[in-house]
Amino acid sequence: MLQKSSPFMKQANLINGEWVQADSGATLDVINPANGQKIGTVPKSGAAETRRAIEAADAAFKLWRKTSVLERHKLLRKLHDAIMDNQQSLAELLTMEQGKSLFEAKGEVGASAAYVLWFAEEGRRTYGDVVPSPWADRRIMVTKEPVGVIAAITPWNFPSSMLARKIAPALAAGCTAVVKPAAQTPYSGLAWGALCEEVGFPKGAVNIVTGAASEIGDEICSNPLVRKITFTGSTEVGKILIQKSAATVKKVSMELGGNAPFIVFDDADIDRAVQGAMLAKYRNSGQTCVCTNRFFVQAKVYDSFVEKLAAATLKLKIGSGMDEGTEQGPLIDEKAVEKVEELIEDARAKGGKIITGGKRHALGGSFYEPTVISEATPDMRFMKEEIFGPVAPVFRFETEEEVVQLANDTEFGLACYFYTGNLGRAYRVMEGLKYGMVGINEGLITTPEAPFGGVKESGLGKEGGHQGIEDYLDTKYVCIGGLGL
Ligand code: ADP
């Protein structure tokens, strides 16, 4: 049934350095969203396999934490090189299971390598403090230590790079990991195991378990050996994980949903705004948590922005991610298409005008036409709900105060974008927007050097930047007394 064999395509769990099946022998099928065909299977594991993975990670931690930062740095650099040496093959695997274009998949794999390199470097800079002591005969020291075993749960939209931001800082800090990739895209997750093995990370440092999400999740949350959970996914599941891990008081990092506004003021460079809008909207067919959910355009430039955005949208080349020149692949599955259809129907019923798209693509399956809707209004569902598809609703606004209020009228606070040529306005609006990340005159802002993360119900903690390793470290205060000074 394999359409393409990749040296990194593992169809087994990685536990304590062994590639193994689920105890029951049960498997889950993995489907290529571009053609609906089965790519292969992965184990359908549950609590028992997860427990063994956690115990293996705990045993490995006892040795891994004693390695020097330089040793860890060198291994992570090797991991970076191995990813880049195999960029094409890892990208093909990613496209096959996820659907995004090979161009984007290569970009994602490159980003994974960049995160690994960044954290290889940051690991060497996890400084502590020596604090001036209030006591003459005591000294105060503050050190940083790895938290221990961490568990990472990741989504299907960036199955490689979401793990890079978790595995790399964990290993750099001296932690070991248990990973659960999404059921739709497990192979890019399992590939991390193959890569870590290839470059010589010790057995048990990275363990990967696929299967029943809630059974695996429950074991992760309740097992006291897991000291931190790092999750990227929906706000709904994030809340469950926070609640369940309260019983064992774990550290949590949560990268949850978004509802990104993209604001265009009438003093903006409209062509630049359209360029940014295309990236902020249609990357990965609109299936990213930082994708624009709501365009707000000031009245004077509204018509021209809609016209230019629709013209650029119409030019997007839709197809299988594997085909040369494809810019937009299929949505992940039928459910995703149905959600998009529902939201468009709701907008149509409330007076939205479909400027381009608005229906399934002639290619069939889960392909959907990139869509621009004008005359969007706040009573439409996409004012509050994440679209996660290639749909651009454009709202009209009059004043700066009004649009900041509209943009903030959501429980989410991940990324936001705005375009203006006015410096004072840039600062006012930036300070007024309650979001974790702001792009000013830029529509694509993610990079390993900067702290990625949200506020409000978009999450807790940061990934990337020098902040991205902090969550994998405990701070220890040491008081040295009786010095007789
Ligand atoms: P999405 O809507 O993007 O699929 P989810 O939050 O449902 O987002 O999924 C993100 C990750 O969380 C996936 O790996 C999924 O399998 C996992 N997941 C879903 N439900 C649970 C749960 N109850 N416990 C642990 N992990 C879960």
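The values are calculated or read from the model by the stated rules, or taken from the named source; none is laboratory data. The model shown is predicted, which means the values in this text are computed figures rather than measured ones. We place every Cβ from the backbone using ideal geometry, glycine too, and count neighbours over all the protein chains shown.
A count restricted to the stretch 334-348 and to residues that are out of contact with any Gly (no Cβ under 9 Å at 6 or more places or on another chain) and under 13 Å from PRO33 (Cβ atoms) stands at 1.
Does the stretch 341-349 contain at least one residue that is touching a residue at least 60 places away in the same chain (Cβ under 8 Å) and either buried (at least 16 other Cβ atoms within 10 Å of the Cβ) or not charged (D, E, K, R) (or both)? No, the stretch 341-349 contains no residue that is touching a residue at least 60 places away in the same chain (Cβ under 8 Å) and either buried (at least 16 other Cβ atoms within 10 Å of the Cβ) or not charged (D, E, K, R) (or both). Within the stretch 437-471, track down each residue that is part of a helix (DSSP H, G or I) and either within 14 Å of PRO261 (Cα to Cα) or among the small types (Gly, Ala, Ser) (or both). Hits for the stretch 437-471 are SER458, GLY468. In this structure, GLY257 does satisfy being within 22 Å of the chain's Cα centre (by Cα) and assigned to a loop (DSSP other than H, G, I, E, B). Would you call VAL391 of a type in the set (Val, Ile, Thr), under 27 Å from the mean Cα position of the chain (by Cα) and within 16 Å of the ligand (Cβ to nearest atom)? It is false that VAL391 is of a type in the set (Val, Ile, Thr), under 27 Å from the mean Cα position of the chain (by Cα) and within 16 Å of the ligand (Cβ to nearest atom). For PHE8, the criteria (1) in contact with a Phe, Trp or Tyr (Cβ under 9 Å, 6 or more places away or on another chain); (2) part of a helix (DSSP H, G or I); (3) closer than 18 Å to ALA194 by Cβ hold in every case but one, which is (2). Tell me yes or no: at least one residue of the stretch 157-173 is under 21 Å from LEU14 (Cβ atoms), within 16 Å of the ligand (Cβ to nearest atom), among the hydroxyl-bearing types (Ser, Thr, Tyr) and modelled with pLDDT of 95 or more. Scanning the stretch 157-173 turns up at least one residue that is under 21 Å from LEU14 (Cβ atoms), within 16 Å of the ligand (Cβ to nearest atom), among the hydroxyl-bearing types (Ser, Thr, Tyr) and modelled with pLDDT of 95 or more.
Within the stretch 226-238, the presence of at least one residue that is of a type outside the set (Val, Ile, Thr), part of a loop (DSSP other than H, G, I, E, B), in contact with an Asp or Glu (Cβ under 9 Å, 6 or more places away or on another chain) and within 21 Å of GLY459 (Cβ to Cβ) is confirmed.
All told, GLY321 meets the bar of being touching a residue at least 40 places away in the same chain (Cβ under 8 Å), in contact with a Ser or Thr (Cβ under 7 Å, 6 or more places away or on another chain) and of a type outside the set (A, V, I, L, M).
Per the listing VAL42, VAL30, the residue uniquely hydrophobic (A, V, I, L, M, F, W, C), closer than 18 Å to GLN184 by Cα and either in contact with an Asp or Glu (Cβ under 7 Å, 6 or more places away or on another chain) or at pLDDT below 95 (or both) is VAL30.
Looking only at residues of the stretch 128-156 that are closer than 14 Å to GLY481 by Cβ and among the small types (Gly, Ala, Ser), we find that the one that is farthest from the ligand (Cβ to nearest atom) is ALA136.
Candidates in the stretch 174-193 are the residues that are in a loop (DSSP other than H, G, I, E, B) and crowded, with 24+ Cβ neighbours inside 10 Å; of these, the one that is nearest to the ligand (Cβ to nearest atom) is PRO181.
Residues that are out of contact with any Phe, Trp or Tyr (no Cβ under 8 Å at 6 or more places or on another chain) and touching a residue at least 60 places away in the same chain (Cβ under 8 Å) within the stretch 286-304 comprise CYS289, VAL290, TYR302, listed in sequence order. Regarding the stretch 194-205, can at least one residue be identified that is of a type outside the set (Val, Ile, Thr), within 15 Å of the ligand (Cβ to nearest atom) and either assigned to a helix (DSSP H, G or I) or buried (at least 24 other Cβ atoms within 10 Å of the Cβ) (or both)? Looking for residues that are of a type outside the set (Val, Ile, Thr), within 15 Å of the ligand (Cβ to nearest atom) and either assigned to a helix (DSSP H, G or I) or buried (at least 24 other Cβ atoms within 10 Å of the Cβ) (or both), one finds none in the stretch 194-205, hence no.
I'd like to verify a number: residues in the stretch 211-242 that are of a type in the set (Val, Ile, Thr) and more than 10 Å from the ligand (Cβ to nearest atom), how many? Residues in the stretch 211-242 being of a type in the set (Val, Ile, Thr) and more than 10 Å from the ligand (Cβ to nearest atom): 3 in total. Criterion first (within 18 Å of SER214 (Cβ to Cβ), in contact (Cβ under 8 Å) with a residue 12 or more places away in the chain and either outside any strand (DSSP E or B) or not charged (D, E, K, R) (or both)) does ALA22 satisfy it? In short, yes.
Residue-by-condition table, conditions (1) out of contact with any His (no Cβ under 8 Å at 6 or more places or on another chain); (2) acidic (Asp, Glu); (3) more than 28 Å from LYS228 (Cα to Cα):
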| residue | (1), (2), (3) |
| --- | --- |
| SER6 | yes, no, yes |
| ASN16 | yes, no, no |
| ASP23 | yes, yes, no |
| GLN37 | yes, no, yes |
| PRO43 | yes, no, no |
| GLY46 | yes, no, no |
| ARG52 | yes, no, no |
| ALA56 | yes, no, no |
